[in-house]
Each structure stands twice: as structure tokens, then as C-alpha cells.
1. Of the options HIS226, TYR11, PHE158, report the single residue whose Cα projects farthest towards the positive end of the charge dipole of the chain (beta-carbon charges: Lys, Arg +1; Asp, Glu -1).
2. Taking N as the number of residues in segment 114-273, what is its Cα Rg relative to 2.2 N^0.38 Å?
3. Would you mind calculating the gained length between HIS135 and THR113 on full extension (0.36 nm times residue separation, minus the Cα-Cα distance), in nm to one decimal?
4. In a shell of Cβ-Cβ distance under 13 Å around GLU174, excluding GLU174 itself, what net charge do Lys and Arg (+1) and Asp and Glu (-1) give?
5. For the chain, what are the per-bin percents of Cα-Cα distances with bins 10 Å wide, up to the bin holding the maximum?
6. Would you calculate the separation in nanometres between label points at ASN273 and SER44, each defined as 7 Å from the Cα along the Cα-to-beta-carbon direction?
7. Taking every eigenvalue of the Cα gyration tensor of segment 66-190, multiplying by 5 and rooting it, what semi-axes result, largest first, whole Å?
8. Along each of its three principal axes, how wide is the spread of alpha-carbon positions in segment 1-158, in whole angstrom units, largest first?
Amino acid sequence: MSPIGIFDSGYGGLTILRQIRQLMPQYDYLYLGDNARAPYGGHSFEVIYEYTWQAVRALFQRGCPLVILACNTASARALRTIQRENLEQYDATRRVLGVIHPTVETVCQLTETKHVGLLGTVGTVSSGSYEMELHKLDPAIHVTGMACPMWVPLVENFEYDSPGADYFVKKRIEGIMQADPQIDTLILGCTHYPLLMEKIIKYVPQGVRIVPQGEYVAQKLEDYLHRHPDMQARISRGASTRYLTTESAEKFQESATLFMHEPGLVAERIDINNPS
């Protein structure tokens, strides 16, 4: 098997996998969640890069010719180094793609005021990756970032639908809109955030577009494979999905079932600290 690898520090990347699989159910997929070391958002650049490269190698070693970093923090902090340095040394025929570029391509088409808001982890917002990618496509776009450190814990502890979540969602959305009232497009720069969508919609001002990433990443991946038939030919087509985690398999299965709406989901625990 030569599946498409999907990596995230935790469960959030499952929202990306779900959208990709809905659009392209024919391929095999291998999901890896580094749940034992999640969340990545508060770690240093060096640690995030080290963890991400370990995970990518683990997926390569299990046959993946293509890996998607379904994690904004990993995409912001590790993708460029992996693409420019590691792949050439490890295997230049393999590919690693992130979620930031597909998102900014969509945002550039949506914004009319050219004022864009970014909600994400501390690591994603502080990296400046969204600003850099947006300015490559349109230098006139103004980006306002707001870190939401409590949002991922709310999701991972299944408090995203609780009344307490309203306080943290309302506070950050009001904060970013006060910082720039001209924002007309709001990026949900973390794959966990779609699970907070009901509350986000509740507090985002009318007329402001919300950009979750799953459907856009899926569409851009489909386009990428059409433009790279050599890579498309390398991916096996058994319509299967396997799940790997660095935490307890039982714990992952319980949580991932809620993300994927897939009863009977089975996971395997692996160690990626020192991949050979």
C-alpha cells in the first residue's frame, strides 16, 4: 500500500481527513496523530520542526509517497525546512504539503476590503506564515492575528459545545474585530476550530466570511494530484483508512470516532521518538 499520509499533532487534522476522504474516497489514507505531545502551539520552532519531521519520516517508512501536514502549527513552523532541506537528503521523490497555502489562495479570492483576520495557536500566529503567504499573492492585504490558546483544549476535552466555551470564543472574536473593524474575512487557522463553528458563527459579525480549511485543502489536493499524474499514480486505491497515534490507542479511538463519525474506528499506537 502507498497511502496518502495525513499528520496532525492531535485530533484536529481529522477534520481535514474527513473532507479529503469525502472528495476523494478512492485512495488509501494513513492518519498519524502525535497526541502524546499535543498541542504543538506553545512549543519552540526547533521542537515543532523536530516533532514534525519525526512524524513525516514515520509516515514515509509506512509507504506514504505524499504527506499532508494537516496542522497549521506544523505547516507554519516546519514545512519550509522539510521541503527545502530534508526531502532532498531523505528522498527527493516524496512530497510534503501544508494547509496554509491552499487557505490563503481562497482568502485572496474572498476578501473585498483586503482586511483579513487570523485566529490560530500562538505558534501559528507568531510565525507570520499567513502574512508572508498572503503578501506573496497580494501585498495590499492587511492581516490581523489573534492567538486563541484556550480553543484547542476546549475541543480536545470535548467542551466545545459547553456554555463555558462561549466566553472564550466571544472574547477572541470581539478582540480581533476591535483590533480591525474592517476585517471581512476570518481564517480559522487551526484544524480544531471547525468543532467550535456553531459558537464562532454566533459571535462573528454579519457579513464577515469565515474560512474553515477542510474543504479548501481537499479541493487543492485534488487539483494538485490532477496536475501531478506521476504522484497520483503512486498512491494506492483501496478506499481504506488506517489510524496511528503516539498516545493510547483506546483513547484515540474514543475521541477520533466523534471527529470522524465513524463507529468502530480502530487505531494503533506507535513510537516516533526515534524512527530508524
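1. Checked the options; the winner is HIS226.
2. Here the Cα radius of gyration is 1.21 times the empirical estimate.
3. On the way: separation 22, 0.36 × 22 = 7.92 nm, distance 1.47 nm.
Computed gain between HIS135 and THR113 is 6.5 nm.
4. Numbers: positive: LYS170, LYS171, ARG172, LYS199, LYS202; negative: ASP166, ASP180.
Value of the local net charge: +3.
5. All Cα pairs, binned at 10 Å, distribute as 7, 31, 37, 20, 5, 0 percent.
6. The two pseudo-label positions are separated by 1.9 nm.
7. After diagonalising the Cα gyration tensor, the semi-axes are 28, 20, 10 Å.
8. Per principal axis, max minus min of the Cα coordinates gives 47, 34, 33 Å.
Only the coordinates and a few stated rules stand behind these numbers; no lab work does. Values in this document were obtained by computation on a predicted structure and should not be read as measured data. When we count neighbours, we look across all protein chains shown, and the Cβ atoms used for this are built from the backbone with ideal geometry, even at glycine.
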